[in-house]
Amino acid sequence: MRAVPHQNERKLEAFERAKREGVSKDLAKQYNVNRVTLYSWVKNESAIRSAKPSKTYAKNTKGGPPVTFQAMEKQLFEWVKVMRRNKSKCKFILLRILLH
C-alpha cells in the first residue's frame, strides 16, 4: 500500500516551524515538499487545525458537481460492475447504447 504523503500532524509540525523560522527552501527540503506547499499550509491553517485527526490530508473543500440523475448513475455503476465481473471491456460505445 502506498504511503500517505502528508499527514495532518506532520503538516502542523511543519506549519509551526514555518511560523517560528519562516518559510525557506531548507525547511521545505526537510519535510520533502516544495516551498510553495509550505506557504499553502500556512495559508490554510484553520482547515488543517480543524481537520479530524487522521492519517490523510486535511478535509477537502472542493468537490465535484452534484449528481443530477441518481437512477442513471446507479444503473451505470451496476452495468460497469457486471461488465467487470464478466471480464468484458467497458467501451464507450456500449455505454452510449445502454443510455439511449
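The values are calculated or read from the model by the stated rules, or taken from the named source; none is laboratory data. Since this is a predicted model, take the numbers as computed values, not measurements. FYI the Cβ positions are ideal-geometry reconstructions off the backbone, even for glycines, and counts take in every protein chain you see.
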Which condition from (1) at negative phi; (2) among the basic types (Lys, Arg); (3) at pLDDT 75 or above is the one that Arg2 breaks? (3)
Which ones in segment 56-72 are modelled with pLDDT under 85 and exposed (fewer than 11 other Cβ atoms within 10 Å of the Cβ)? Asn60, Thr61, Lys62, Gly63, Gly64, Pro65, Pro66, Val67
Report every pair of residues separated by at least 6 positions or lying on different chains whose Cβ atoms are under 7 Å apart, first residue within segment 24-51 and part of a loop (DSSP other than H, G, I, E, B), second acidic (Asp, Glu). none
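Which residues, taken from segment 10-23, are part of a helix (DSSP H, G or I) and aliphatic (A, V, I, L, M)? Write out each step before concluding.
Kept after step one, since they are part of a helix (DSSP H, G or I), are these residues of segment 10-23: 10-21.
Listed by number, the residues that qualify are Leu12, Ala14, Ala18.
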Quick check, is Glu16 modelled with pLDDT of 85 or more and either out of contact with any His (no Cβ under 6 Å at 6 or more places or on another chain) or not β-branched (Val, Ile, Thr) (or both)? yes
